[in-house]
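Engineer: Before I ask anything, let me first share the structure, which is written out below as structure tokens.
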Number of protein chains: 4
Amino acid sequence: MATTLTDLNNASRNDFVMTLANVFEHSPWVAEQVAVKRPYNGIVQLFMAMRAAVEQAPAERRLALIKVHPDLANKTQRAAGLTRDSHAEQDSAGLDQLADAEYEAFQRVNNAYHAKFGFPYIVCVRRRTKASILRDFERRLSNDAAAEMQNSVEEICRIAALRLDQAVTADDRLAVHGHLSTHVLDTHSGKPAAGVRVELIELAELGASRVVTRTSTNADGRTDHPLIGGRPVPAGQYELLFDVGDYFAKRGVPLSDPPFLDKIPLRFSVSEPEGDLHVPLLVTPWSYATYRGS
Amino acid sequence: MATTLTDLNNASRNDFVMTLANVFEHSPWVAEQVAVKRPYNGIVQLFMAMRAAVEQAPAERRLALIKVHPDLANKTQRAAGLTRDSHAEQDSAGLDQLADAEYEAFQRVNNAYHAKFGFPYIVCVRRRTKASILRDFERRLSNDAAAEMQNSVEEICRIAALRLDQAVTADDRLAVHGHLSTHVLDTHSGKPAAGVRVELIELAELGASRVVTRTSTNADGRTDHPLIGGRPVPAGQYELLFDVGDYFAKRGVPLSDPPFLDKIPLRFSVSEPEGDLHVPLLVTPWSYATYRGS
Amino acid sequence: MATTLTDLNNASRNDFVMTLANVFEHSPWVAEQVAVKRPYNGIVQLFMAMRAAVEQAPAERRLALIKVHPDLANKTQRAAGLTRDSHAEQDSAGLDQLADAEYEAFQRVNNAYHAKFGFPYIVCVRRRTKASILRDFERRLSNDAAAEMQNSVEEICRIAALRLDQAVTADDRLAVHGHLSTHVLDTHSGKPAAGVRVELIELAELGASRVVTRTSTNADGRTDHPLIGGRPVPAGQYELLFDVGDYFAKRGVPLSDPPFLDKIPLRFSVSEPEGDLHVPLLVTPWSYATYRGS
Amino acid sequence: MATTLTDLNNASRNDFVMTLANVFEHSPWVAEQVAVKRPYNGIVQLFMAMRAAVEQAPAERRLALIKVHPDLANKTQRAAGLTRDSHAEQDSAGLDQLADAEYEAFQRVNNAYHAKFGFPYIVCVRRRTKASILRDFERRLSNDAAAEMQNSVEEICRIAALRLDQAVTADDRLAVHGHLSTHVLDTHSGKPAAGVRVELIELAELGASRVVTRTSTNADGRTDHPLIGGRPVPAGQYELLFDVGDYFAKRGVPLSDPPFLDKIPLRFSVSEPEGDLHVPLLVTPWSYATYRGS
């Protein structure tokens, strides 16, 4: 359960540090350094202080911070136990349920990365689909060590921001969440399309695609809840699947047999996990259109 | 090699019958009956005469005609030998390359149909995808015998029309061919999109989908040849896949990383194998639209 | 200045009647009848009571109510003085600024209506454009007297609801307002189009069309205020004019000379003055689309 | 009536020159120079020869050629008599039917041009609408004399090409014609929209707009003849007006009252008189889209 910023401002130094000890993985020293600068007037200010502490730490300390992070999708480490945060984060990207081909791909790039840089590959897994992580992995493998030190710290700060956001409530917000929504407009009847079944699927390249959510449109042609909200929208490739054949058949609209359009797939990529992305469908039984809205 | 209608009109009765002996499967008697009414002033007139001969034949003869047809996707019969026409027709629908689950489904419905009606299920396989054949199969299983006698003759005549069309050239044409085409319009630059890779895929339900054709758009945004032409467009479900990510990247258009739209799937069904169906794509890097054109 | 419902509930009978005396034109008796049923727990309940008083009044009283209404667009009556409400209402529809041809058309149908029914034509002018009033006028001319008595009462109640809504504030709302909005999405860049000049024009048939509002889109591609809001959206024909040539030129997008699209008109009709109507524009320099949204 | 290139190749020198004497206004010397180089194997080759003769003529001869051209829209010259070609050309752009404001605008720029350059403003009026001519006029007024000498020769050659194309038939063609077409697709029913009334209007800025053509769509959703074809499509601004309210009402489609969409205007500019421009309409009673097609 999240504590409040006010509580943290008033807490003993010890309680403050214990609460924030794992915002940076296994690194209570970050919390220790910023405890003295209390009170903080917002969570953004607190986070900026923690980030500054990391960026201004001696190089060997930053390297140590990098090295305490677990490997991605490493079964041995997993069996031996991860921090609760790391565990939940890796699960969120589906790294606990890899197909054999995916598992092998992760092992291969993990090993290559370790061999080249001497430290583990770190990425904020809540911000990417597993296919997108593999791509990022391979791209970063070609960097030099200095660039990867920097990239690692950047990703560690992204992980920390999400952990802090979950741990502490405040009046202000860290900009760590995105929003993915849809809207179905029936341009045959000129009204929002209600009761259309919608599926959001995260596309994989090696293993199986997985359904992120199944829902139906409401009277306004929208979904009651955003398809993804209250968290980053993981960068990667998705498919929205709309069951418009069933929708028009139920309304008694004359259709061909089989219907020209039945399940319509919209395939698109997310590139900004903290952005608002709206992917609507304008549809008749014989035509449709979509666009990137906001 | 097709013979000409003029040749047929002038041929000996024997040659006429030999040429057309298998237009109706294993049934030279149809050709025999219509030989005497020569000359024919067109292939349509010739076909109407053959069709009339079948429809006016005694019921037992029509039943015999039905019974000489092979089962669909029957490996034993296939090994024992089919007419060259039947062989080619079954191959055209991919019935020679079934996945195990599909093979079993065909066997199951074949047996059930045989058990109920006492004659084989007949369908003009050049007019349907294999998934569509299975659907048709199950739908017709619920008919009564009289309806199925009629449906079988109807399908036999469709098979015959296509065989006659291949065997004989004339000034007029039997209406047995359809046409499937596409067109990619780049509404970002206001020009036809040239060089877009396009794939047409026939969707299956039980086995694997299969690529019907791979091509690229020409300077006019069209394909040099229709996606399907000069034959019926098999009823069933298809997907067109357009590689627009690559197209816009090559033109130097600013894109997100990964691109919002990369490979765009348009999924649609064909319901009229002899019709002209046009499925265009209007596209920018951020939006697209399609419609059933003609 | 609007008074509150609480004030009215607590006011003396005299003050109550004086405040609401002209909700029904020159007819304080309606307010008198409903004063005794106070307190009202909402403005909807108050209006329903007033409406019931009118509908249950003796026929001759309803006829008298109809007859005290002024003619539409009657210069003589206008010079002699209208109630402040009637004056403002007629101005809102532009009836104070008629072209000669329009003035003559109004006179002609006014006279014909009077001659046939013996009472003035009444319409809630805030709910229609002047062209739409003329059309309604001519359509109603063919009704019989009973139907027109009923139509007149219906329109009087609509006028009254709007007057009551302006006169009294309460926690609940009468459903007398609509909403017209737009949104410009630049599908060339995949972003909302900011800074597009937009004009909303009310189309006339006889006289001049008139500009309802001129504005520009904000960073979200919308207008800061609805094009029409906080009042009924008058039924009638409109044109939205978007200056997209200027917008794309300023962004440095390559265009033809002259630009293929410059000022884009969207012409549409409003049929539900109390509804929410959204008319968006999806646009590139070479294509556009619109639809009735909500 | 047009003569053939073969006839010209075989004609006497005198007949050859007489036939082509006015291809360049009042300048038989051009034809005289190229007569000796016969035979020509195509009309393109003949035109290139005439063009070369003009371009290689001494400067004073080119200036004289420019000066023998009449002023645009000059009533006095018109009364005194123009060449038949000039007369027809000016009529084609509507220069014989100017509103007062337009006439004055033409006089003003004519005089200013004359005063600055000492020769008349020349433009190939078949390639521009009258509004577009006025714009071109004002733009060219700011050039220097050398540029205007060159522009004048360029326009004279365009006039000559069109005159030659009308005077002579050959196996090859001069690229002097464009093509404007439309197509209405009813995406409510998934079929081409037949019987939709279509009007093409040339928009003016000072005087009245004028209807170029009125027609209806055929069973294919197209017009039987191109909206403009067999001649240049004059550069300028146009409006296509589609009577879709009537179309959907006749088909019994449920509509609002008044219909949301009634007469749909598509306003666009032509910038390439020799190009093929296709402006289609995809429409339901509640939505529509258009794009620059080809």
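Engineer: Semi-axes of the protein assembly as shown's equivalent ellipsoid from the Cα gyration tensor, sqrt of 5 times each eigenvalue, largest first, rounded to whole Å?
Structural biologist: Value: 54, 53, 41 Å, ordered largest first.
Engineer: Amide H of residue A:235 versus every other amide H placed in the peptide plane: which residues, excluding those fewer than 5 positions away on the same chain, fall under 5 Å?
Structural biologist: A:128, A:129
Engineer: Follow-up. Sorted by accessible area (1.4 Å probe), largest first, how do B:7, A:171 line up? Write out the running numbers ahead of the final one.
Structural biologist: Values: B:7 85, A:171 165 Å².
Largest to smallest exposure gives the sequence A:171, B:7.
Engineer: For chain B, what does the relative contact order come out to in percent, with C-alpha contacts under 8 Å and a separation of six or more? Intermediate results must be reported in sequence, preceding the final value.
Structural biologist: Values: 489 pairs, mean separation 50.4, N = 294.
Dividing the mean separation by the residue count of chain B yields 17 percent.
Engineer: Tell me, what is the 1.4 Å probe accessible area of residue A:48, in Å² to the nearest 10?
Structural biologist: 110
Engineer: Still on this structure, I have one more. Cα centroid distance between segment A:94-134 and segment B:18-96, in Å?
Structural biologist: With segment A:94-134 and segment B:18-96 each reduced to a Cα centre, they are spaced 61 Å.
Engineer: Under the convention of a label 7 Å out along Cα→Cβ, give the distances in nm from residue B:28 to the same position in every other copy, shortest first.
Structural biologist: 8.2, 10.0, 11.2
Engineer: Moving to a separate point now. Using only the alpha-carbon atoms of chain B as identical scatterers, what base-10 log of I(q)/I(0) does the Debye formula give at q = 0.08, 0.13 Å⁻¹?
Structural biologist: Treating every Cα as an identical point scatterer, log10 I(q)/I(0) equals -0.44, -0.96.
Engineer: Here is a follow-up. Rank these by accessible area, largest first, 1.4 Å probe: D:163, C:84.
Structural biologist: On the way: D:163 15, C:84 200 Å².
Putting D:163, C:84 in descending order of accessible area: C:84, D:163.
Engineer: With charges only on Cβ, +1 for K and R and -1 for D and E, what is the dipole size of segment C:176-280 about its Cα centre, in debye, rounded to 20?
Structural biologist: Working: 10 positive and 14 negative charges, 49 e Å.
So the dipole magnitude of segment C:176-280 works out to roughly 240 debye.
Engineer: If you don't mind, there's one more thing I want to ask. Shape of segment C:130-188 from its Cα gyration tensor (a ≥ b ≥ c, root eigenvalues): rounded if a/c is under 1.5, otherwise prolate when a/b > b/c, or oblate? Mind showing how you got there, number by number?
Structural biologist: On the way: a/c = 3.87, a/b = 1.34, b/c = 2.88.
Judged from the Cα gyration tensor, segment C:130-188 comes out oblate (a/c at least 1.5, b/c at or above a/b).
Engineer: How big is the dipole moment of the protein assembly as shown about its Cα centre under a simple scheme where the beta carbon of each Lys and Arg is +1, that of each Asp and Glu is -1, and everything else is neutral? Debye, nearest 20, please. Can you show the working numbers first?
Structural biologist: Numbers: 132 positive and 148 negative charges, 1 e Å.
Using only the charged Cβ atoms, the result is roughly 0 debye.
Engineer: Heavy atoms of the protein only, probe of 1.4 Å, neighbouring chains included. What is the accessible area of residue C:155 in Å², nearest 10?
Structural biologist: Taking all protein chains as shown, residue C:155 has close to 20 Å².
Engineer: What does the structure give for D:264-271 when I average, per residue, the other chain Cβ atoms found within 10 Å of the residue Cβ? Don't skip to the answer; put the middle values down first.
Structural biologist: Details: counts 5, 5, 4, 6, 7, 9, 3, 6.
For this peptide, the per-residue mean of nearby foreign Cβ atoms is 6.
Engineer: Apply the Karplus curve 6.51 cos²θ - 1.76 cosθ + 1.60, θ = phi - 60°, to the phi angles in segment A:224-238 and return the couplings in whole Hz, x for Gly and Pro.
Structural biologist: Per-residue couplings from phi come out as 4, 10, x, 4, 9, x, x, 7, x, 8, x, 4, x, 9, 10 Hz.
Engineer: To continue, here is another question. Hey, got the Cα dimensions of segment A:149-257 along the principal axes, in Å, largest first?
Structural biologist: 61, 40, 19
Engineer: Still on this structure: Checking the table A:75/A:116; B:191/C:263; B:191/C:250; C:75/C:130; D:67/D:116 against a 19 Å threshold on Cα-Cα, which pairs fail?
Structural biologist: Where the Cα-Cα span goes over 19 Å, the pairs concerned are A:75/A:116; B:191/C:263; B:191/C:250.
Engineer: Continuing with the same structure: Averaged across the residues of C:159-168, what count of C-beta atoms belonging to other chains lies within 10 Å of each residue's C-beta? Before the final figure, lay out the partial values.
Structural biologist: Working: counts 0, 0, 0, 0, 0, 0, 0, 0, 0, 0.
Taking all residues of C:159-168 together, the mean is 0.
Engineer: Under 8 Å for C-alpha pairs, at least 6 residues apart: give me the relative contact order for segment D:1-106, rounded to a whole percent.
Structural biologist: Working: 64 pairs, mean separation 19.7, N = 106.
Relative contact order, segment D:1-106: 19 percent.
Engineer: Considering the options A:252, A:185, A:236, tell which one lies farthest towards the positive end of the dipole of segment A:177-294, charges being +1 on Lys and Arg and -1 on Asp and Glu at the Cβ, about the Cα centre.
Structural biologist: A:252
Engineer: In Å and from the alpha-carbon atoms only, list the Rg and Dmax of segment C:4-69.
Structural biologist: Radius of gyration, then largest Cα-Cα span, for segment C:4-69: 11.7, 34 Å.
Engineer: Looking at the protein assembly as shown, what % of its DSSP beta bridges pair antiparallel, to the nearest 5?
Structural biologist: DSSP beta bridges in the protein assembly as shown are roughly 80 percent antiparallel.
Engineer: Can you give the % of DSSP beta bridges in chain B that are antiparallel, to the nearest 5?
Structural biologist: Values: 29 of 38 bridges.
Antiparallel bridges make up about 75 percent of those DSSP assigns within chain B.
Engineer: Rounded if a/c is under 1.5, else prolate if a/b is larger than b/c, else oblate: which is segment C:231-294, with a ≥ b ≥ c the root eigenvalues of its Cα gyration tensor? Spell out each step's value before the answer.
Structural biologist: Values: a/c = 3.17, a/b = 2.78, b/c = 1.14.
Note, shape of segment C:231-294 comes out prolate.
Engineer: I've got another one for you. Tell me the angle of helix B:130-140 to the major Cα principal axis of chain B, expressed in degrees between 0 and 90 and rounded to the nearest ten.
Structural biologist: 50
Engineer: Hand me the trypsin sites (Lys or Arg not before Pro) from segment A:186-288 located in a DSSP loop with no more than 15 other Cβ atoms within 10 Å, in residue order please.
Structural biologist: Numbers: sites: A:197, A:210, A:214, A:222, A:250, A:251, A:263, A:267; in loops: A:222, A:251.
The qualifying sites are A:251.
Engineer: Now a separate question. When a/c is below 1.5 the answer is rounded, else prolate if a/b is larger than b/c, else oblate, so apply that to segment B:46-159 with a ≥ b ≥ c taken from the square roots of the Cα gyration tensor eigenvalues. Display every interim value, and only then the final one.
Structural biologist: Working: a/c = 1.78, a/b = 1.39, b/c = 1.28.
Note, shape of segment B:46-159 comes out prolate.
Engineer: Per residue, how much space in cubic angstrom lies within the convex hull of the C-alpha atoms of segment B:78-230?
Structural biologist: Details: hull volume 24.5 nm³, N = 153.
Hull volume normalised by residue count: 160 Å³.
Engineer: Rounded to the nearest Å, what's the spacing between the alpha carbon centres of segment C:144-186 and segment D:196-253? Just the number, please.
Structural biologist: Here the two parts' Cα centres lie 39 Å apart.
Engineer: Based on Cβ point charges of +1 for Lys and Arg and -1 for Asp and Glu, what charge dipole magnitude is obtained for segment D:1-93 about its Cα centre, in debye rounded to the nearest 20?
Structural biologist: On the way: 10 positive and 10 negative charges, 33 e Å.
In debye, rounded to 20, segment D:1-93 gives about 160.
Engineer: Is there a simple number for the mean count of other chain Cβ atoms within 10 Å of the Cβ of residues in B:226-239, and what is it? Before the final figure, lay out the partial values.
Structural biologist: Details: counts 0, 0, 0, 0, 0, 0, 0, 0, 0, 3, 1, 4, 0, 1.
Across B:226-239, the average partner-chain Cβ count within 10 Å equals 1.
Engineer: Per DSSP helix of 4 or more residues, -39500 (n - 2.57); summed, then divided by the residues of the protein assembly as shown. What does that give at 222 nm, rounded to the nearest 500? Please report the intermediate quantities before stating the final value.
Structural biologist: Numbers: 44 runs with 473 residues, N = 1176.
Mean residue ellipticity at 222 nm (helix-derived): -12000 deg cm²/dmol.
Engineer: With respect to the axis carrying B onto A, what is the closest chain B residue by Cβ position, and how many angstrom separate it from the axis?
Structural biologist: Residue of B nearest the axis onto A, distance in Å: B:289, 2.
Engineer: What gaps in nm, shortest first, separate residue C:151 from its twins in the other copies when you place the label 7 Å past Cα toward the beta carbon?
Structural biologist: Listed shortest first, these distances are 5.7, 6.0, 7.4 nm.
The values are calculated or read from the model by the stated rules, or taken from the named source; none is laboratory data. For clarity, every value in this text was computed on a predicted model and none was experimentally measured. For neighbour counting, all protein chains shown are included, and Cβ atoms are generated from backbone atoms with ideal geometry for every residue, glycine included. These accessible areas exclude ligands, DNA and RNA; they are computed on the full protein's heavy atoms, side chains included. Shrake-Rupley method; radii C 1.70, N 1.55, O 1.52, S 1.80 Å.
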